[in-house]
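The values are calculated or read from the model by the stated rules, or taken from the named source; none is laboratory data. Note that the coordinates shown come from a computational prediction; the quantities given were computed from them, not determined experimentally. Here Cβ is always computed from backbone atoms with ideal geometry, including for glycine, and neighbour counts include all displayed protein chains.
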Amino acid sequence: MGLISADLDWIQARLNDSGEIWTRAELLKWYQDGYRKLLADSGAVRRFVPLELPPRVNYSGTSHWESSHVTGTHRKLTITTRSKREVTYQWEVEQEEGVTPTNSRAAFTQDWERAHSDDETDRHYRIYFPREHDRLKRLTWDDRLLIPVSVRELDHAIRGWMREAGFPGHWTVGVGKSNSYEVFSVRTDYNQAYYMGDDLDSGIPRRFSGSRTYASQLTSEHPFNGYAYTSTGDADHLTQIGDKPLVLDGMGWRVTQEASSNSSDSTQDDFHGTQLWEKERHEGTAAASLTDGVTVGTYAWEAAYGAQEIGFPTGVIKGMSSPDRQYLPIIGDSSPYLFVGAARQWGSSADALMALEVIVPEFPNMLESDRPELIPPQMQKYLKYHVLSMAWGKDGEGFQKGLSTHYNTRFKRGIAFFRKLGDVTFRDKEYRRDMTREVSSRPPRPRLGRDADRTWINYPRFP
């Protein structure tokens, strides 16, 4: 894939202009507009996003402008009053307006806090998508399709639908900020597909644990350790690289385990043993609960002769496979075709939402040294056609209506072709019968009825 600068050079050569009529910055802006328009109008670049319930966001703040200064999703937790003040509870709005305050429902900083409170809240059950989100194509819960509805239908059918508990069956664009949606009904119990540990902000996953069975296939340049040692001092002395020559080479393996002391005497903290029961004994574990001893080896090959197998935590997780489940790698920022790097986040569609969204470039202000990586290299020519159409369609000395219309037609042909690629994947879907759902229809329309006093009222009609 070529750089944007190379495309701009080609465009200037076709225009026979070196910046006298159309500046380089102007051409770059049209290139960015065409890139975004090609992706938005075709809707061909899509990705699956697993979303856990209750909804999670990266940051929660008191003003919408804060979202432009954070990375990831942002939720506004406060209510804006008529005087442009931000408050937390609805009774504060009444207090400011001079009305006698009434009891307000609970307020949360993060929506997942709903799972740890029995109080109702007046906040909407809203899901937020990042900046590159353009529109939602499909939303499922537990692999079951959710039906889109309008806010008007929900308002007419159920009062306080944003607080209605149950299993998700529908979704709506809601009344919140752009790139956000709401789910009906509301599920408040805490659910998390994969727990990434306490050090979530750093490092990479290196191992799995849980009820499933995991079989590892390791590829390493060092299948065996080069030496073994009992303390860090040994390793530092024997592998020192300085004025002295290197004594040992390869990957080391420490055969001892460090134990923390249960004594207040700090001199007792430095304790190491070769057996797990020694560590437990030093930490104060009861004698009846001590772990049986094993044969401890110093090299990996000794496992063939009865020693405990040594596992070297080298490398990173590159992929997952299963005969019963499907695993889809999702690339983050910019490169959807090169599956490189390390897996840093894991999600699942079981007991969670799975969204299929159309994405556009997150940052429209691209540089000439960038590449339009969300499209195949063969589609870059249509971006050049868009720039030529805009250049010859601009009022001024270089105006050429015929050429502008010609290249605009070519650009639209590229949008239609890119959309056709998405249609091919749609036709290749395999359909099957779904299981019976608890929510099986759209929210009903209101109908008229009579109460005991012969007064006409509106009430919802449920299936």
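General remarks:
- Tally, over the range 1-31, of residues that are within 15 Å of Tyr382 (Cβ to Cβ) and not in a helix (DSSP H, G or I): 2
- Qualifying positions in the range 282-296 - free of Cβ contacts under 8 Å to residues at least 40 places away in the same chain and closer than 18 Å to His272 by Cα: His282, Glu283, Gly284, Thr285, Leu290, Thr291, Asp292, Gly293, Val294, Thr295
- The set of residues from the range 240-289 being at pLDDT below 60 and of a type in the set (Val, Ile, Thr) comprises Ile241, Thr267.
- Residue match in the range 138-161 (condition: under 30 Å from Asn365 (Cβ atoms), modelled with pLDDT under 85 and small (Gly, Ala, Ser)): no
- For Ala157, the conditions (1) small (Gly, Ala, Ser); (2) farther than 30 Å from Ala350 by Cβ; (3) touching a residue at least 40 places away in the same chain (Cβ under 8 Å) all hold with the exception of (2).
- Selected residue (only one of Gly43, Gly34 is surrounded by 15 or more Cβ atoms within 10 Å (Cβ to Cβ), on the phi > 0 side of the Ramachandran plot and touching a residue at least 60 places away in the same chain (Cβ under 8 Å)): Gly43
- Number of positions in the range 47-65 that are among the charged types (D, E, K, R) and assigned to a strand (DSSP E or B): 1
- Among the conditions (1) in contact (Cβ under 8 Å) with a residue 24 or more places away in the chain; (2) crowded, with 16+ Cβ neighbours inside 10 Å; (3) not basic (Lys, Arg), the only one that Glu92 does not satisfy is (1).
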